[in-house]
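K.L.:
Before I ask anything, let me first share the structure, which is written out below as structure tokens.
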Amino acid sequence: MASYLKHDEEALAALLAEKTDQGMLAEKKALETTLQETTARNNKVAELYEHAYEDNADGKITDEWFMHLSHKYEEERMELKERIADCREKLDALDREKHRKEAFLAAIRKFMEMGTLTAPLLHELIDHIDVYETEGTGKNRAQRIVIYYRFVGYIELPDSVFQRSDRYRADTRQGVAVEYIPRLA
């Protein structure tokens, strides 16, 4: 990841933007539509309540029927207000998500500047790591490890990264090599 940032920061930023913006745009559009519909229904229910009150005052509907309608409208309005608040809260959370990409790039830059990897930096950069069962035997043993970054989740690096750089392989100790292998489609 650091090598990719060093060689092509704009491409990594575009990859992060695509990853974070892809789902967020669809979710934001759906939430805005729901908010608009819910707000319109809330206004309509308020209008219906006013009409029921006027009809009751004019004697067009009975007090019993007015009480029934007012109770029904009040319950619906409370539910709608709750949904409106929930939609607004989710939209605010999506706006905060936009800033996570910049925080992730800053954490990687900090990683690049350090001579050694420290626990605080790992906690800042990595959310969790999934380690799978070892497959194969002898020299053909392989173990899949998937790293989920704190700000953006799992990132699949494009093949173009591997064509220009061989820094994705590291011999950690005698007989043990760590290699980034892109997920096969």
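The values are calculated or read from the model by the stated rules, or taken from the named source; none is laboratory data. Owing to the predicted nature of the structure, the values given are computational and were not obtained by experimental measurement. Don't worry about glycine lacking a Cβ; one is built from the backbone with ideal geometry, like all the others, and counts go over all protein chains shown.
K.L.:
Tell me, please, whether a residue that is outside the structural domain of residue 126 (by TED's automatic domain parsing) and touching a residue at least 40 places away in the same chain (Cβ under 8 Å) can be found in segment 40-63.
P.N.:
Looking through segment 40-63, at least one residue is outside the structural domain of residue 126 (by TED's automatic domain parsing) and touching a residue at least 40 places away in the same chain (Cβ under 8 Å).
K.L.:
Out of everything in segment 24-35 that is surrounded by 12 or more Cβ atoms within 10 Å (Cβ to Cβ) and not β-branched (Val, Ile, Thr), what residue ends up being nearest to residue 77 (Cα to Cα)?
P.N.:
35
K.L.:
So, in segment 49-88, of the ones that are among the aliphatic types (A, V, I, L, M) and under 13 Å from residue 39 (Cβ atoms), which residue ends up surrounded by the most Cβ atoms within 10 Å (Cβ to Cβ)?
P.N.:
So the residue we want is 80.
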